[in-house]
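Novice: Here it is, the structure in full.
No value in this document is a laboratory result; all are computed from the given coordinates. Computed from a prediction, not measured in an experiment: that's the story for all the values here. Note that we place each Cβ from the backbone using ideal geometry, even for glycine, and neighbour counts take in every protein chain shown.
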Amino acid sequence: MTDSSNTLTLETTKGPVVIKMRPDLAPNHVAHIQKLVREGFYDGIVFHRVIDGFMAQTGCPQGTGTGGSKYPNLKQEFNSAPHVRGTCSMARAASPDSANSQFFICFGDAGFLNRQYTVWGEVISGMENVDKIKRGEPVRDPDSIITAKLG
């Protein structure tokens, strides 16, 4: 049975996406995301950077890739989980310890990111909806997370 507190459901403009969160890999990142979800932080946030064959990125309150939450950045929790189709991983700036609220979902194999970005979950349902997210850098008229909820 899946621990419902470690299940994240994103209701997106393309349909539901269910993510199994992995506190065994990145306990501090999972706890941080859970806190943001409980506060409604991700509700209405757009997928601002979506690169075909690579990944869909979200979690910036400005919708530009430049913002984060009101909380401090997180210390990296790099782990051995590979960046493959459905992997959920934290976006960051040049500093390894600059992840905050932005994350991305991989469309395919992105092994060049392994052990350089914190993997914190994997899509277990709805990957076909992630595939439908509108592409762009930046995205014109982007898709968004309508609501994010735990359980």
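Novice: What's the magnitude of the charge dipole for the chain around its Cα centre, counting Lys and Arg as +1 and Asp and Glu as -1 at the beta-carbon? Answer in Debye, nearest 20.
Specialist: Here the size comes out at about 180 debye.
Novice: Straight-line reach from LYS70: which lysines have a Cα under 27 Å away, not including same-chain ones fewer than 8 places off?
Specialist: Straight-distance partners of LYS70: LYS20, LYS35, LYS149.
Novice: Label ARG38 and ASP109 with points 7 Å out from Cα along Cα→Cβ: what is the distance between them in nm?
Specialist: Between ARG38 and ASP109, the label points sit 4.0 nm apart.
Novice: Let me ask another. Among TYR117, TYR71, which comes first, second and so on when ranked by fewest other beta-carbon atoms within 10 Å?
Specialist: TYR71, TYR117
Novice: How large is the helix-only mean residue ellipticity at 222 nm for the chain, computed as the sum of -39500 (n - 2.57) over DSSP H runs with n ≥ 4, divided by its residue count, in deg cm²/dmol to the nearest 500?
Specialist: Mean residue ellipticity, 222 nm, calculated: -3000 deg cm²/dmol.
Novice: While we're looking at this one, here's another question. Taking amide H positions as placed 1.01 Å from N in the peptide plane, with prolines and chain starts having none, which residues 5 or more places from THR87, or on another chain, fall under 5 Å of its amide H?
Specialist: CYS106, VAL123
Novice: Mind listing the phi-derived Karplus ³J(HN,Hα) values for region 136-146, rounded to whole Hz, using 6.51, -1.76 and 1.60 with θ = phi - 60°, and x for any glycine or proline?
Specialist: x, 9, x, 7, 7, 6, x, 6, 9, 8, 6
Novice: Cut-off 11 Å, label point 7 angstrom out along Cα-to-Cβ of PHE78: give me the residues of region 9-25 whose amide nitrogen falls inside.
Specialist: It comes to no residues whatsoever.
Novice: Non-local amide H neighbours of ASN79 (under 5 Å, H modeled in plane, Pro and chain starts lacking H): which ones?
Specialist: ARG115, VAL119
Novice: If you don't mind, another one. Specify which residue in the list GLY108, SER5, VAL46 is farthest towards the positive end of the charge dipole of the chain, using unit charges on the beta carbon of Lys, Arg (+1) and Asp, Glu (-1), about the Cα centre.
Specialist: VAL46
Novice: Run the Debye formula on the Cα coordinates of region 4-150, all scatterers equal and no solvent, and tell me log10 I(q)/I(0) at q = 0.19 1/Å.
Specialist: -1.14
Novice: Work out how much length GLN62 to ASN28 would gain on full extension: take 0.36 nm times their residue separation and subtract the Cα-Cα distance, in nm to one decimal.
Specialist: Here the answer is 9.9 nm.
Novice: Ok, one more. Give me the one-decimal nm value for the distance between modelled label points at GLU128 and ALA94, 7 Å along each residue's Cα-to-Cβ direction.
Specialist: Each label point is offset 7 Å from its Cα along the Cβ direction, giving 4.4 nm.
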